[in-house]
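What follows is one structure encoded as structure tokens, with my remarks underneath.
The values are calculated or read from the model by the stated rules, or taken from the named source; none is laboratory data. The structure presented is a predicted model; accordingly, all values stated were derived computationally and were not measured. Here Cβ is always computed from backbone atoms with ideal geometry, including for glycine, and neighbour counts include all displayed protein chains. With ligands, DNA and RNA removed, areas are computed over all heavy atoms of the protein, side chains included. Shrake-Rupley method; radii C 1.70, N 1.55, O 1.52, S 1.80 Å.
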Amino acid sequence: MQNKITKLFNIQYPIIQGGMIWVSGWKLASAVSNAGGLGLIGSGSMYPEVLREHIQKCKKATDKPFGVNVPMLYPEIEKIMDIIVEEGVKIVFTSAGNPKTWTSFLKEKGITVVHVVSSVKFALKAEAAGVDAVVCEGFEAGGHNGREETTTFTLIPMVKEQVKIPVIAAGGIGSGRGMLAAMVLGADGVQIGSRFAATEESSAHENFKKTIVDVKEGDTHLTLKELAPVRLVKNKFYEEVQELYQQQGPTIEQLKELLGRARAKRGMFEGNLEDGELEIGQVAGLIHEIKPAKEVLETIVAEYQQVKKQQLF
Ligand SMILES: Cc1cc2nc3c(=O)[nH]c(=O)nc-3n(C[C@H](O)[C@H](O)[C@H](O)COP(=O)(O)O)c2cc1C
């Protein structure tokens, strides 16, 4: 399956496992890379030296290409970037920030840079900043998202009309059919998060993995737009956020106070299903089993190829 994305990263399939806080450490990233996709270590929940350890373990676990996802809101971003360079990481996906800030620094070091966007405007900014490709993440996606609520189905063709660099679709893709749909809309590859969160190698807590399997259509919602929009499972913490919205238009300070510290860790890593923040995409409604990452990837590839070949659509 050779195309612009497999060539850009030197991988077998144009499938990227999205970087995910508390979920994608070296185990998941190396499993996906070994299976022929591109695994990404999610640095957003790691202290710099923890990231170094994950990179080193990932290098031992795979001789295939892998990358690091860096949300640019990170307070110790300089240290993170230095470690990435020191450890010889060849691929970086940046998100949650201005693509201009780090792209030239990374490109000068010979690193392939991809930026995650949720709108045409930011896709154009990323292209102008010199990135090698953009991930276009629609409203369905798990994790942080755009305020505009543009769906993957509309975002991909709109970005494709305006940019020349390769486009990677993200949000709502968890099957071969989903992947094919994204490619038909103009994507050159796909980035998959939620489906890989419910794998054996994911570092999410077992309680959270089971919740992903239980989530049905309608069980997640994009909220906390005034802080940083995020798609959450509707648990007790989510209901507390909604109560605040219903009583009065909450101030940013009130939302920050309710969110407090380490909510995401509490939910996704420590397995506190009531008080923790549980980030997952709408596609969780299609996830029925916790499986090894290799099997997830192979199932997606097989379905993609079968549906495409037999034109089962
Ligand atoms: C639990 C979780 C954590 C995430 N953390 C990050 C992150 O740290 N950085 C980032 O750029 N995207 C993050 N994402 C987004 C994913 O990388 C990916 O783009 C998204 O999950 C794709 O949509 P899907 O969930 O429908 O597959 C996260 C997603 C999930 C589900």
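Inside the stretch 1-38, can you point out the residues that are assigned to a loop (DSSP other than H, G, I, E, B) and within 18 Å of Met179 (Cβ to Cβ)?
Taking the stretch 1-38 first, the residues assigned to a loop (DSSP other than H, G, I, E, B) are 1-3, 10-14, 18-25, 35-37.
Residues satisfying the conditions are Met1, Gln2, Asn3, Ile11, Gln12, Tyr13, Pro14, Gly18, Ala35, Gly36, Gly37.
Just to be sure before I move on: is Gly172 in contact (Cβ under 8 Å) with a residue 12 or more places away in the chain and open to solvent by 20 Å² or more (accessible area, probe 1.4 Å) in the structure I sent? For Gly172, the condition - in contact (Cβ under 8 Å) with a residue 12 or more places away in the chain and open to solvent by 20 Å² or more (accessible area, probe 1.4 Å) - is met. A Cβ distance below 7 Å, combined with a sequence gap of six or more or placement on separate chains, defines the contacts here; from the stretch 247-270, residues that are in the same structural domain as Arg231 (by TED's automatic domain parsing) reach residues that are among the aromatic types (Phe, Trp, Tyr) in the pairs Arg263/Phe237; Ala264/Trp22; Lys265/Trp22; Gly267/Phe208; Met268/Trp22; Met268/Phe208; Phe269/Trp22.
Restricted to the stretch 134-153, and to residues that are more than 19 Å from Met20 (Cβ to Cβ) and within 15 Å of the ligand (Cβ to nearest atom), which residue is surrounded by the most Cβ atoms within 10 Å (Cβ to Cβ)? Talk me through it step by step, then tell me what you get.
Taking the stretch 134-153 as the starting set, the residues that turn out to be more than 19 Å from Met20 (Cβ to Cβ) are 147-151, 153.
Restricting the remaining residues to those that are within 15 Å of the ligand (Cβ to nearest atom) gives 149-151, 153.
On the way: Glu149: 13, Thr150: 21, Thr151: 15, Phe153: 16.
Going through the qualifying residues, I end up with Thr150.
Applying the criterion of being out of contact with any Pro (no Cβ under 9 Å at 6 or more places or on another chain), assigned to a loop (DSSP other than H, G, I, E, B) and open to solvent by 30 Å² or more (accessible area, probe 1.4 Å) to the residues of the stretch 75-105, the residue that is nearest to Val135 (Cα to Cα) is Asn98. Ile41 falls short on exactly one of the conditions (1) open to solvent by less than 50 Å² (accessible area, probe 1.4 Å); (2) closer than 20 Å to Gly174 by Cβ; (3) within 11 Å of the ligand (Cβ to nearest atom), and that condition is (2).
The rows are residues; the columns are (1) open to solvent by 20 Å² or more (accessible area, probe 1.4 Å); (2) more than 15 Å from the ligand (Cβ to nearest atom); (3) assigned to a helix (DSSP H, G or I).
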position: Ala182; (1), (2), (3): no, no, yes
position: Gly186; (1), (2), (3): no, yes, no
position: Ser203; (1), (2), (3): yes, no, no
position: Leu227; (1), (2), (3): yes, yes, no
